[in-house]
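The structure appears right after this line, and notes come after that.
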Amino acid sequence: MIKKVLIANRGEVALRVMRSCREMGIRTVAVFSEADRTSHHVMYADEACLIGPATARESYLNMDAVLQAARQYHAEAIHPGYGFLSENADFARRCREEGIIFIGPSPETIEEMGDKIAARKRMLAAGVPVVPGSDSPIRSAAEALQVCNSIGYPVMLKASMGGGGKGMRLIHGEDEVVEAYDTARSEALSSFGNDTVYAEKFVEEPHHIEFQVLGDNHGNVIHLFERECSIQRRNQKIVEESPSPFLTPELREEMGKKAVAAARAVNYSGAGTIEFLVDKNRNFYFLEMNTRLQVEHPITEEVLGVDLVKEQIRIAENEVLHLKQEAIVPNGHAIECRIYAEDSENNFTPSPGIIKQLREPNGMGVRIDSHAYEGYEIPIYYDPMIGKLIAWATTRQYAIERMRRVLYEYKITGLKTNLSYLKRIMHSPDFVRGEYNTLFIEKNARMLVRPNGKNEEIENVAMIAAYIDYLMNLEENKNGQPADNRPISRWREFGLQKGVLRI
């Protein structure tokens, strides 16, 4: 039995893992950088250890510092979360060498599935369909041109290692090959320390659909159905939902079987994700495997009632998988929106800063995975995600309606966020009908970036007026004048006078 876990991550995912550990009676150790001294995950953990300066390279990616913290605080296991060291085979191997349980798959599996060229070969051998493309690294621009011509345009050049849209370039014709090859290699090297690239036929108008899998150390593998992840900007997911409105029952069953076959092919142990591209004719192809927990895992948890972190820990404790495929039945529909500190009307520039006010929504079917609080400063050094907002309901229509409501209730001041952008997605006719693919953002760009008429203006004025009233209340209380004596709140008064609000 694991009694203490060090979480080698930060922010909302560290906090999410800690909550499951606390329910299981497992003590937790937080690690943090100089920039994260006041982060929520540091305050929530049973113990915390400073591991380095603000930059990730010197802290969260510093294997020596993380392992030293695990030894110092006598942690029997390390949960890597996602990002940082979560898919680093060397880190998993070092954990094993030092007798620390790595809550995830074996280093050999991480290594094999982290190399997308090797993964393609393994999937072909397992009978899992893959996108037509090169089965070996492309070594020169001349070779890239030859390969692209043989595949047929459009072609996607991709980094062999890593993910998250880094090291990817779409090529429409011969004249773009050389520049795309050079930039893809350069980005891959800076992001993953490896400049190996390969080519795949670009699937036009695809859906990005992933299947959650669980495997134990005793040969048992199951899938936990799919997540639709097609709403992406710059190859980064923004909104995810489960189940997919695009899949038929027959296709869902077939893809689930192939996802299990893919996991079995690499003796997978732990929680992982098989990602597929599905074209407009519902032909599907293996894209890659993520050998870790996914950012969007909460929608699977909400639809199935399964705690994936607890399952990861039980598998790491060498338990037999207690879930049976035939007993897993989806219930209702869940949608996740990623909340970012960014300026959606200024090319999505990150907007770090101090959160002045925070009002989080609640109610039936609402979940928030976040580490934010009033007074917390979103640092400049890491991904600007504030948190994830998840809405569950009995049907997709009701889930959309609930997400609209909770996005309206979610208020953050002090920095710019993408909340308004997400609201417009929820009202987009294509999304409401469930008729969208990975071109959704491009197709709806004008509608999504521009303010949605007067209602949004009125809401912004109301927020400003309410905040002014809040500050005046503070000032009056400070001067010994009780604010309760006012016959009417100033923001209501402001609205009546100016004709802006009708309350």
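The values are calculated or read from the model by the stated rules, or taken from the named source; none is laboratory data. Keep in mind that this is a model prediction, so the values were computed, not measured. Don't worry about glycine lacking a Cβ; one is built from the backbone with ideal geometry, like all the others, and counts go over all protein chains shown.
Condition first: in the same structural domain as M385 (by TED's automatic domain parsing), modelled with pLDDT of 95 or more, aromatic (F, W, Y) and in contact with a Pro (Cβ under 6 Å, 6 or more places away or on another chain). Can you find one or more residues in segment 277-289 that meet it? For segment 277-289, residues in the same structural domain as M385 (by TED's automatic domain parsing), modelled with pLDDT of 95 or more, aromatic (F, W, Y) and in contact with a Pro (Cβ under 6 Å, 6 or more places away or on another chain): absent. Has segment 370-387 got at least one residue that is of a type outside the set (S, T, N, Q), outside any loop (DSSP other than H, G, I, E, B), farther than 30 Å from T55 by Cβ and at pLDDT 95 or above? No, segment 370-387 contains no residue that is of a type outside the set (S, T, N, Q), outside any loop (DSSP other than H, G, I, E, B), farther than 30 Å from T55 by Cβ and at pLDDT 95 or above. Screening E241 on (1) out of contact with any Cys (no Cβ under 9 Å at 6 or more places or on another chain); (2) farther than 22 Å from G81 by Cβ; (3) buried (at least 22 other Cβ atoms within 10 Å of the Cβ) shows it passes everything except condition (1).
For segment 102-124: of the residues being of a type in the set (V, I, T) and surrounded by 20 or more Cβ atoms within 10 Å (Cβ to Cβ), which is nearest to R314 (Cα to Cα)?
I103
Before we move on, is A188 at pLDDT below 90, surrounded by 17 or more Cβ atoms within 10 Å (Cβ to Cβ) and outside the structural domain of L61 (by TED's automatic domain parsing)? So A188 passes the test. Would you confirm whether or not segment 431-443 contains a residue that is over 19 Å from N235 (Cα atoms), part of a helix (DSSP H, G or I) and modelled with pLDDT of 95 or more? Looking through segment 431-443, at least one residue is over 19 Å from N235 (Cα atoms), part of a helix (DSSP H, G or I) and modelled with pLDDT of 95 or more. Could you grab the pairs with beta carbons closer than 6 Å, sequence gap of 6+ or different chains, first residue in segment 111-137 and among the polar types (S, T, N, Q), second one surrounded by 15 or more Cβ atoms within 10 Å (Cβ to Cβ)? Short answer, once both residue conditions are applied: S134/V147; S134/Y198; S134/A199.
Looking only at residues of segment 24-55 that are of a type in the set (S, T, N, Q) and farther than 17 Å from R71 by Cβ, we find that the one that is nearest to the chain's Cα centre (by Cα) is S39. Of the residues making up segment 100-110, just one is without any contact (Cβ under 8 Å) to a residue 40 or more places away in the chain and not in a helix (DSSP H, G or I), namely I100. The set of residues in segment 416-425 that are in a helix (DSSP H, G or I) and touching a residue at least 40 places away in the same chain (Cβ under 8 Å) comprises L419, S420, Y421, L422, I425. Of the residues making up segment 264-318, those that are in contact with a helix residue (DSSP H, G or I) (Cβ under 9 Å, 6 or more places away or on another chain) and in a loop (DSSP other than H, G, I, E, B) are V266, N267, Y268, S269, R282, T291, R292, L293, Q294, V295, V306, D307.
Could you grab me the full set of residues in segment 73-95 that are among the acidic types (D, E) and farther than 14 Å from G272 by Cβ?
E76, D90
Considering segment 1-23, and only residues there that are crowded, with 20+ Cβ neighbours inside 10 Å and in a strand (DSSP E or B), the residue that is nearest to the chain's Cα centre (by Cα) turns out to be I7. The single condition from (1) touching an Asp or Glu at 6+ places or on another chain (Cβ under 9 Å); (2) closer than 24 Å to V295 by Cα; (3) surrounded by fewer than 19 Cβ atoms within 10 Å (Cβ to Cβ) that Y44 fails is (1). When only residues in segment 132-164 that are over 24 Å from the mean Cα position of the chain (by Cα) and at pLDDT below 90 count, which is surrounded by the most Cβ atoms within 10 Å (Cβ to Cβ)? Of everything passing the filter in segment 132-164, S134 is surrounded by the most Cβ atoms within 10 Å (Cβ to Cβ).
If you go through segment 371-411 and pick out every residue that is in contact (Cβ under 8 Å) with a residue 60 or more places away in the chain, touching a Leu at 6+ places or on another chain (Cβ under 7 Å) and surrounded by 18 or more Cβ atoms within 10 Å (Cβ to Cβ), you end up with 4. Regarding R27, is this residue charged (D, E, K, R), modelled with pLDDT of 95 or more, under 21 Å from E76 (Cβ atoms) and surrounded by 15 or more Cβ atoms within 10 Å (Cβ to Cβ)? Taking the combined requirement at face value, the residue satisfies it.
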